[in-house]
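Comments concern the structure below.
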């Protein structure tokens, strides 16, 4: 279980911080050695104790746990921006943005009390949400969006295995930090997918 | 079909087969409806008062209590230099049934303990509520990492030795938005299959009441919304039968302030009647309630004023749709000196012998304990007057 293992949780917070840095700073314009130095520095700053607690305690206190979708995307984003290793196509990034935005609109206003209906409660038990995700995943597979297909599959599998503290499928699908980073990638045209080198269709 | 295409399809099939084969089936909670005896009526009226929070901290607030299996009463509250200061901890002590004496005060939970166990920075601790579940005590309490109370989360720790030691603190995950703004104030209920229903509330953008259904490991299995918008918080939940409950709520409404909110669950726990303003006033303040001989015969402790917490009063309702009667005032501000919310956050505990322990915050300096028995209650009932 990710949340029960401090080192794993700390590493997810490292990914979140690296993803934020990647979309905020033009790292692809600096030499590789500088990039590596920055990545190592951020990793150490997040994992090592700052005063009483490790830095990732503070990051986690603000953002909560990363969703599984976020973890997959952060890894792909960091590899793409810093090491030119492409795990997703540009169309997949565009689709992922729309999916995260749509899911956020369907989830957050209602979870925060806009109406008597609470869409968050839907994520505890509903087979419908799993069904929708299955259809979406098969659609991605049909379109050869393999990164997205595998990411969504990993999300529902992780939910079944209860890898996070939450038992709610929504918490495995999206989180506010992912939404924020998705918006930032929209504002940074350099964060684009190119031809997928792993799953070249 | 390429090997990669087939491989990805295989991964999808495996992942979703796992998900579908382990889809959770959460049962609608069936409440355990408590039964109380009135076997102390043969004794004379007793009403005793005492300050019980000592002088370890300069401010104290939000007491809650449970009756242990041996009949002792364990009370919890939080205290520190002031509400929200960094030195707040959860404190506890026990009223021993054998000799009617109080134990020393324990510092039950510190923010350092919570930070260590939940792997998060913790800035302050807040409202505790507790539950006796078999041989265990479940202690729920609020903690804040960032911002004010709107940024709260709820935590759980379990004791298996009547509160002498406490297990690791577990964070309840109950909101998708950075898991913030789930708070507790009033007592949880047990269900027949061992789940727990925890009355909670949200006060970030919305201010609304809800219920969390927890399994025997303290995982949040489901949520049920009682209200929405910015109208009501701090539900006091009472089971009417195994499948229905009623809730009294603190009124936080800007458009309809000053009256106590009430709602009743319908066929499912996710369906509640629209908020109904009762005849009882509510100055945006917590209330506490207990059931007497029937589930609809109620005692309710509250502030009897639409805008000030200048008293602690108790009202009685003999049954559903009956009028409320004012039974007793435990506190009533007499001086004209301006004081900010001198009496607040009542918690009424009925023990299995049918007697009552009331705890409330007294001028933020003390937790006051009032004990009264059934004979005293009968005396109060004989002089009750209807609420206008």
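Would you pick out the residues in region B:257-274 that are away from chain A (no Cβ under 14 Å) and modelled with pLDDT of 95 or more? Spell out the reasoning first.
In the first step, residues of region B:257-274 are kept if they are away from chain A (no Cβ under 14 Å); the result is B:257-262, B:264, B:267.
Across region B:257-274, the qualifying residues are B:257, B:258, B:259, B:260, B:261, B:262, B:264.
Within region B:218-241, can you find the residues that are within 10 Å of chain A (Cβ to nearest Cβ) and out of contact with any strand residue (DSSP E or B) (no Cβ under 7 Å at 6 or more places or on another chain)?
Pass one, region B:218-241, residues within 10 Å of chain A (Cβ to nearest Cβ): B:219-231.
Result: B:219, single match.
What number of residues within region B:289-302 satisfy the criterion of being in a strand (DSSP E or B) and more than 13 Å from the chain's Cα centre (by Cα)? Qualifying residue count, region B:289-302: 6.
Restricting to region A:33-82, and then to whatever is farther than 22 Å from residue A:6 by Cβ and without any contact (Cβ under 8 Å) to a residue 40 or more places away in the chain, can you tell me which residue is surrounded by the most Cβ atoms within 10 Å (Cβ to Cβ)?
The selected residue is A:38.
Taking the listed residues B:184, B:129, the one that is free of Cβ contacts under 8 Å to residues at least 60 places away in the same chain, more than 14 Å from chain A (Cβ to nearest Cβ) and within 23 Å of residue B:60 (Cβ to Cβ) is B:184, with no other qualifying.
Can you go through A:150, A:105 and tell me which one is part of a helix (DSSP H, G or I) and at the interface with another protein chain (Cβ under 9 Å from one of its Cβ atoms)? Let's see the steps before the verdict.
Details: A:105 fails: at the interface with another protein chain (Cβ under 9 Å from one of its Cβ atoms).
Result of the check over A:150, A:105: A:150.
Considering region A:155-166 alone, what residues qualify as being in a helix (DSSP H, G or I) and more than 7 Å from chain B (Cβ to nearest Cβ)? Across region A:155-166, the qualifying residues are A:155, A:158. Residues in region A:167-176 that are buried (at least 22 other Cβ atoms within 10 Å of the Cβ), within 26 Å of residue A:90 (Cβ to Cβ) and at the interface with chain B (Cβ under 8 Å from one of its Cβ atoms): A:174, A:175.
Does residue B:29 meet the test of being touching a strand residue (DSSP E or B) at 6+ places or on another chain (Cβ under 8 Å) and within 14 Å of chain A (Cβ to nearest Cβ)? Can you show your working first?
On the way: touching a strand residue (DSSP E or B) at 6+ places or on another chain (Cβ under 8 Å): yes; within 14 Å of chain A (Cβ to nearest Cβ): yes.
So residue B:29 fits the description; yes.
When the strands (runs of 3 or more DSSP E) confined to region B:183-288 are screened for residues that are over 16 Å from the mean Cα position of the chain (by Cα), those reaching at least 2 such residues are found at B:220-225, B:258-264, B:276-282. Confirm whether residue A:181 is more than 10 Å from chain B (Cβ to nearest Cβ), in a helix (DSSP H, G or I), surrounded by 21 or more Cβ atoms within 10 Å (Cβ to Cβ) and in contact with a helix residue (DSSP H, G or I) (Cβ under 7 Å, 6 or more places away or on another chain). Yes: the conditions hold for residue A:181.
Does residue A:27 satisfy the criteria of being more than 19 Å from the chain's Cα centre (by Cα), more than 28 Å from residue B:120 (Cβ to Cβ) and loosely packed, with under 13 Cβ neighbours inside 10 Å? No: the conditions fail for residue A:27. Can you say whether residue B:239 is farther than 27 Å from residue B:61 by Cβ, buried (at least 21 other Cβ atoms within 10 Å of the Cβ) and at pLDDT 95 or above, as far as the supplied structure shows? Yes, satisfied. Residues in region A:110-147 that are under 30 Å from residue B:230 (Cα atoms), in a helix (DSSP H, G or I) and at the interface with chain B (Cβ under 7 Å from one of its Cβ atoms): A:111, A:120, A:121, A:124, A:125. Could we say that residue B:56 is farther than 28 Å from residue B:237 by Cβ and touching a strand residue (DSSP E or B) at 6+ places or on another chain (Cβ under 7 Å) here? So residue B:56 passes the test. Residue B:38 - would you say it is at pLDDT below 95, more than 14 Å from every other protein chain (Cβ to nearest Cβ) and surrounded by 16 or more Cβ atoms within 10 Å (Cβ to Cβ)? It is true that residue B:38 is at pLDDT below 95, more than 14 Å from every other protein chain (Cβ to nearest Cβ) and surrounded by 16 or more Cβ atoms within 10 Å (Cβ to Cβ).
Is it true that some residue in region B:299-317 is within 14 Å of chain A (Cβ to nearest Cβ) and at negative phi? Write out each step before concluding.
Taking region B:299-317 first, the residues within 14 Å of chain A (Cβ to nearest Cβ) are none.
No, region B:299-317 contains no residue that is within 14 Å of chain A (Cβ to nearest Cβ) and at negative phi.
The values are calculated or read from the model by the stated rules, or taken from the named source; none is laboratory data. Predicted, not measured: the structure shown is a model, and the values here were computed from it. All Cβ positions, glycine included, derive from the backbone under ideal geometry; neighbour counts span all protein chains shown.
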